[in-house]
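Structure first, commentary second.
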Amino acid sequence: MTTTLAELETPALLIDLDALEANLAEMAAVAARAGVRLRPHTKTHKSPEIARMQVAAGAAGITCAKLGEAEVMADAGLDDLLIAYPLVGEAKLRRLRALLERARVRVSLDSVEVAEGLGRVGRELGRDVEVLVEVDTGLHRLGRPPGRPTAELVGQVARVPGVEVAGLLTHAGHSYRAGTPEELRRVAEREALDLVETAALCRRDGIAVGEISVGSTPTARSGAFVDGVTEIRPGNYALNDTTMMRLGVATEATTAVRVLATVVARPAGDRFVMDAGSKCFTTDNMKVPDWLLVAGHPGLHLDFLSEEHGVGHGAGDDLRIGDQLQVIPSHACTCVNLFDLAYGVRNGQLERELPITARGKVR
C-alpha cells in the first residue's frame with residue numbers, strides 16, 4: 001500500500017482515523033452519561049472493522065439497514081444485531097432463520113403481516129423472534145402514529161405466535177429539516193416522548209414494552225436524556241458530513257470522511273474540474289448552497305456534478321491541474337456505499353485500508 005496521499009490514485013475515499021475515534025468516543029460518552037445503550041447504525045460506514053471499533057468504544061450492539069448488511073456483520077463476528085427494516089418474503093425469512101442460528105437478531109416492523117412471517121420463523125426455531133414496533137414520530141415513512149394507533153398495533157402483533165414484542169422504535173429523519181438548534185431539540189424530545197407515552201399505553205393494555213429505541217445523529221444527544229429512553233441508534237455521527245455541519249452537530253474537524261479528488265482541468269480562470277462526480281458523492285442536497293465542501297479551502301465552491309466530473313468555482317488562481325482536493329460529502333452514508341475501499345488516514349499518512357464489505361448489500 002502507498003503511504004502518502006500524493007501517491008494515491010483518485011478518486012479515493014478517505015477516513016480520518018483520529019476524527020473517527022473521537023466521534024465514536026464522544027457518542028459512547030453521551031450514552032453512558034444518559035444511562036442508555038448505544039446501538040449505532042452501520043449503514044453509514046458499511047464496514048465491519050468500524051463496527052467492531054464502535055463496540056470496543058462502548059456500543060452494546062449494532063443496527064443494520066438491511067438483512068444483507070446484517071449477514072456481513074455477523075460474518076465478521078458481530079452477534080447482537082437489530083435489523084431496522086421490515087422483512088418480507090420467503091427468501092428473506094429463510095435467510096433470517098439462518099442468521100438467528102448464529103446471532104441475536106431483533107427486527108423492526110409496522111404491520112401484522114410482517115409479524116406473521118417472522119412468527120413462522122420463530123415457531124420453526126422453537127423460540128420467539130424479538131421485534132420492535134416502529135412508530136411514526138413525524139417522518140411519515142414507516143409506522144403508525146404514536147399513542148392509541150400504535151398501541152393497537154402492538155396488541156395485534158403481540159398475539160402472533162412466534163414473536164415477542166421487545167419494544168418500540170422510531171427514526172426522526174425529519175430532524176434533518178430543522179432550521180435552528182431549538183427546533184432540533186424540540187424534535188428530539190418529541191420523538192422520545194411519543195415513544196415513552198405510547199409504551200405507557202401498551203403497559204396499561206397489559207403488554208410489557210421494555211425497549212424504547214430512538215435517535216438519529218441530530219437527535220440522539222438530546223433524546224438520550226429523556227426519561228424512559230433505553231437505547232439510541234445514531235449512525236452518521238461516526239463520519240459526519242456537510243448536512244451534520246449545517247445542523248450544528250458537526251464541524252469540519254469532526255467530519256471523518258472525505259473524497260480525495262484531483263483537479264483535471266482549469267478551463268476558465270474562475271472554474272475548476274475534478275475527477276469525482278455523482279458516482280462518488282450522489283446528488284443528495286445538491287440544491288443546498290455548499291452541499292459539498294472542499295476541506296481547507298473556504299473560497300472554493302462546487303457548482304454541479306456530472307457522472308465523472310465535479311465542477312466548481314472560487315478564489316483559487318493558484319489551483320493547478322494535478323492538485324489534490326479533499327471534499328466533504330453532503331451525505332456520508334450514500335457516499336461510502338459508492339466505494340469498495342476506504343483508506344484510513346492519520347496525520348496525513350495512510351495507515352491502513354478499510355474494506356467497505358457491506359456496500360451494495362441492499363437485499
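Around the amide H of Val129, modelled in the peptide plane, lie the amide H atoms of Gly122, Val163, Glu164, all under 5 Å away and 5 or more residues distant in sequence or on another chain. Taking Cα atoms only, the orientation of helix 17-34 departs from the longest principal axis of the chain by about 30 degrees. The distance separating the Cα centre of the range 77-155 from that of the range 313-347 comes to 38 Å. Length gain on complete extension for the stretch Ala22 to Lys287, per 0.36 nm per residue less the alpha carbon to alpha carbon distance? The Ala22-Lys287 span can extend by a further 92.3 nm. For the peptides 254-264, 95-105, the ranking by packing is 254-264, 95-105, with the highest mean count of neighbouring Cβ atoms within 10 Å listed first.
About its Cα centre, the chain has a charge dipole of approximately 960 debye under the convention of +1 per Lys or Arg Cβ and -1 per Asp or Glu Cβ, with nothing else charged. Across the range 167-174, computed HN-Hα scalar couplings (Karplus, 6.51 cos²θ - 1.76 cosθ + 1.60, θ = phi - 60°) run x, 10, 9, 8, 9, 8, x, 5 Hz from first to last residue, x flagging Gly and Pro.
R0 = 25 Å: FRET efficiency of Ala208 with Glu116, Cβ-based, nearest 0.05?
The pair Ala208/Glu116 has a calculated efficiency of 0.75.
Calculation over all alpha carbon pairs of the range 18-239 in 10 angstrom steps from 0 returns a P(r) of 9, 35, 37, 17, 2 percent.
Rounded to the nearest 10 degrees, the angle from helix 90-100 to the longest Cα principal axis of the chain is 90 degrees. Each DSSP beta bridge with both residues in the chain is either parallel or antiparallel, and the antiparallel ones are about 50%. Between Glu182 and Ala265, the contour length at 0.36 nm per residue exceeds the Cα-Cα span by 25.5 nm. Rounded to the nearest 20, the size of the Cβ-charge dipole of the range 236-363 about its Cα centre is 420 debye, with Lys and Arg at +1 and Asp and Glu at -1. Against the chain, whose longest principal axis comes from its Cα atoms, helix 112-125 is set at around 80 degrees.
Each value in this text was obtained by applying a stated rule to the coordinates, not by laboratory testing. Fair warning: this is a prediction, and the values are worked out from it, not measured in the lab. Cβ: placed from backbone, ideal geometry, glycine included. Neighbour counts: every protein chain shown.
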